[in-house]
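See below for the structure under consideration.
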Amino acid sequence: AAILYILSSDLSGARLTQAYGIIGATFLAGIISVNLIALSKKQTIVYLEKKTENSSTEQNKNVDTASQVNIDAIKKIIETRKDVFQNVINELCKQLQAGQGAVYLTTDQILELKYGYAIAFEKDSQVTYELGEGLVGRVAAEGNTLYIDSVPKGYITVFSGLGSASPTYLVLVPIKHENKVKGVVEISTFAALNENTRKHLEEIGEALATVSQ
């Protein structure tokens, strides 16, 4: 409106210069405003992207730390006192999507394979370890959990109708009560077991130690 007034009242060179100055200033202010709005939107988008990324990281962190074992379901099996060892190793391997699982029980200082999941062995044959012999004997002798996250290829082979595969992770947990080891639970998996999962497995080992054979 100011420009129209100036132009209508006086078309002299000075007035024209003044009008062009106002137009230029207005145009420049418009460009600055548009850039500021665009920058603001860009910063908002970046903030939202970072917020989403942090939320996703936090969710992954919770997944990584959550136990992979439903310990309540396992304890219910133990409470039934019926085929406890076989049912527990079956349930554990299903929950962990394990390749194989085994339960060794101690008799006269000898650990014998008594129950298994996806393990082919004859009932009449014996698989035994002395205390301190092999990984199973070592866990029984020391009374401590052993977790291996890089099992040598071929150390354990799981066979199925689709072929064979070698699990990467192996955990051995003592079946122990008041420092007395009554056996060992051995599970091989294709996925890593986090710390909370291993703690739950130790709790299960303690609970199994109270079950009579």
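The values are calculated or read from the model by the stated rules, or taken from the named source; none is laboratory data. Source: prediction; values computed, not measured. Cβ sites come from the backbone with ideal geometry, for glycine too, and all protein chains shown count toward neighbours. Note: areas computed on protein heavy atoms with side chains; ligands, DNA, RNA excluded. Shrake-Rupley method; radii C 1.70, N 1.55, O 1.52, S 1.80 Å.
Observations
- Share of carbon and sulfur in the accessible area of the stretch 61-213 stands at 45%, probe radius 1.4 Å.
- 19 Å Cα-Cα threshold exceeded, pairs from 75/199; 94/182; 114/176; 114/182; 94/180: 94/182; 94/180
- For the stretch 100-155, applying the loop criterion from DSSP together with a ceiling of 14 other beta carbons within 10 Å to the GluC sites (Glu not before Pro) yields 122, 133.
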